[in-house]
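Visitor: Input: one structure, supplied below.
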Amino acid sequence: AAVLLTILLFRLGIENRVRELGALVALGFSRSRVRRRYMGEGAVVAVAGCAVGVVGAVVYGWLMMAGLRTWWKPAVSTTALSLSTEPLTLLAGGFASLAIVLAVIERTLRRLLESSPRVLMVGGAAPALVRPSPLRRLAAVVSAVLAAATLIAAAGSSDAPTIAALFFASGALFLVAGLCALSSWLRRQPSSSGSRARLSISTGNSRRHPARSMLCVALIAAASFVIVAA
């Protein structure tokens, strides 16, 4: 969920400056130079955000432990709780976040810069990338459901720790199947007659940017899954 939120925020930030991208290309800047400039800007923001996030994570963890030792003591029935931080773990988390952000910025910029300067300057974007066919999306949904059912069946003859792992794995597969089905529905052309036409009006905003809509749905779905499953 955190990764999806990061992707969503940085994609929105870059796409909101699409006219600036078009102006720079129209003035003679090469696409590679424009990409490097925006990558540099994004790297500065990402490094600052990761540094603040690592410090904030330590402070947040300390506050959580303090709360469990005092206000929420009945929930854990002990005061022998303390925060344990490993410098290597903090560095790994910070660098992983930085790598994800830079990869998102680079991919978004590459996609936007595939368009002509004229299209960018009027607020347009690159044509949608090639998407899997409906049959392939259906195959992905069916495969995820079958894999989840197989894990559930295997849990019947497993010990407790294995059952817990299979539970989360099967739930994650069902989640993936649901997201694949929603993605297929968002990219399907709505009917223009009857009640389906009215439905297409109510869902038109979601279908305008299927990738953005999927990021929002997946963000909430992943967070809800972890909260309920835990």
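Visitor: State whether the residues of the range 2-12 include one that is at positive phi and open to solvent by 80 Å² or more (accessible area, probe 1.4 Å).
Guide: No: zero hits.
Visitor: Scan 115, 183, 213 and give me the residue that is open to solvent by less than 40 Å² (accessible area, probe 1.4 Å), at pLDDT 70 or above and assigned to a loop (DSSP other than H, G, I, E, B).
Guide: 115
Visitor: Then there is this: Considering only the range 127-135, I want to know if a residue exists there that is farther than 23 Å from residue 183 by Cα, open to solvent by 90 Å² or more (accessible area, probe 1.4 Å) and at pLDDT below 80.
Guide: Within the range 127-135, none of the residues are farther than 23 Å from residue 183 by Cα, open to solvent by 90 Å² or more (accessible area, probe 1.4 Å) and at pLDDT below 80.
Visitor: Could you check residue 16 against (1) surrounded by fewer than 14 Cβ atoms within 10 Å (Cβ to Cβ); (2) touching a residue at least 40 places away in the same chain (Cβ under 8 Å); (3) under 26 Å from residue 218 (Cα atoms) and say which number it fails?
Guide: Tallying (1) surrounded by fewer than 14 Cβ atoms within 10 Å (Cβ to Cβ); (2) touching a residue at least 40 places away in the same chain (Cβ under 8 Å); (3) under 26 Å from residue 218 (Cα atoms), residue 16 fails exactly one: (2).
Visitor: Taking the conditions exactly as written (under 30 Å from residue 88 (Cα atoms), open to solvent by 60 Å² or more (accessible area, probe 1.4 Å) and assigned to a helix (DSSP H, G or I)), does residue 54 satisfy them or not? Break it down into steps so the answer makes sense when it comes.
Guide: Numbers: under 30 Å from residue 88 (Cα atoms): yes; open to solvent by 60 Å² or more (accessible area, probe 1.4 Å): no; assigned to a helix (DSSP H, G or I): yes.
The answer is no for residue 54.
The values are calculated or read from the model by the stated rules, or taken from the named source; none is laboratory data. Quick caveat: nothing in here was measured; it's all calculated off a predicted structure. Virtual Cβ from ideal backbone geometry, glycine too; neighbours counted across all protein chains shown. Please note that ligands, DNA and RNA were not included when accessible areas were found on the heavy atoms of the full protein model with its side chains. Shrake-Rupley method; radii C 1.70, N 1.55, O 1.52, S 1.80 Å.
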